[in-house]
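What follows is calculated from the coordinates using simple rules that are stated; it is not laboratory data. The structure presented is a predicted model; accordingly, all values stated were derived computationally and were not measured. Cβ sites come from the backbone with ideal geometry, for glycine too, and all protein chains shown count toward neighbours.
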Amino acid sequence: MKSNYERLIALADEVFAVRKDPEQLDVNEEVMEKLHAIHPATLSDKDLGEGPILWILLIPTTESLMNQFLNHEINEKQLYELTEPGQTYEAIYLCSALVLEEYRNKGYAKEVTLDAIKEIQKDHPIKALFYWPFTEGGEAAAKSIANAIGLPLYDRK
């Protein structure tokens, strides 16, 4: 039987197919280090005792980069590359939420994401959230999170 970690890796490959799309961010050790330097709350997980049941990835960035991404002037990988540690961030890209199937629709992803956003807000004047919808569940989650935190939500269509 696969571990929760292995199952989350397989889920990421299945949902996002990053290896087949060079415009998406392929998360590796180097990317994780930069994300942590951008803000420690960019990567979050929840573990109920048997390994992670979910992974959340947020990218705080500038309003200008958010608008470029929403207008298809830059892609996801470029958004990450152009966001530098030490900047003032006004927006958060709800990049991904991966939840093992048996733990979905229990509020865990929303809880972890809201906690991460609140941590980022302690250090940055966040005015908006944005996302790139891949699944209906992801779209519903983004809307629920934006509503709960009271921030406008923009999507890349």
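The mean sequence distance of close C-alpha pairs (under 8 Å, at least 6 residues apart), as a share of the length of region 85-157, puts its relative contact order at 39 percent.
Toward the positive end of the charge dipole of region 4-155, with +1 on the Cβ of Lys and Arg and -1 on the Cβ of Asp and Glu, the farthest Cα among Asn147, Pro60, Asn105 is that of Asn147.
Can you give the local net charge around Gln87? Use residues other than it whose beta-carbon is closer than 15 angstrom to its beta-carbon, Lys and Arg +1, Asp and Glu -1. Every neighbour counted, the sum reads -3. Cross-link list Lys122/Lys157; Lys106/Lys143; Lys110/Lys157: which exceed 18 angstrom alpha carbon to alpha carbon? Correct reply: Lys122/Lys157; Lys110/Lys157.
With 0.36 nm allotted per residue and the present C-alpha distance subtracted, the Lys77-Lys118 stretch has 12.3 nm of extension available.
Considering only Thr42, Ile9, Leu25, and ranking their Cα positions along the charge dipole of region 4-155 that arises from unit charges at the beta-carbon of Lys, Arg, Asp and Glu, the one farthest toward the positive end is Thr42. In percent, rounded to a whole number, the relative contact order of region 4-155 is 24, using alpha-carbon pairs under 8 Å and six or more apart.
In the chain, the longest principal axis of the Cα atoms and the axis of helix 4-16 are about 50 degrees apart. If R0 is taken as 30 Å, the Cβ-Cβ distance between Tyr103 and Lys127 corresponds to a FRET efficiency of 0.45. Rounded to the nearest 20, the size of the Cβ-charge dipole of region 4-155 about its Cα centre is 460 debye, with Lys and Arg at +1 and Asp and Glu at -1. The helix-only estimate of mean residue ellipticity at 222 nm for the chain, built from DSSP H runs of length n ≥ 4 each weighted as -39500 (n - 2.57), is -12500 deg cm²/dmol after division by the residue total.
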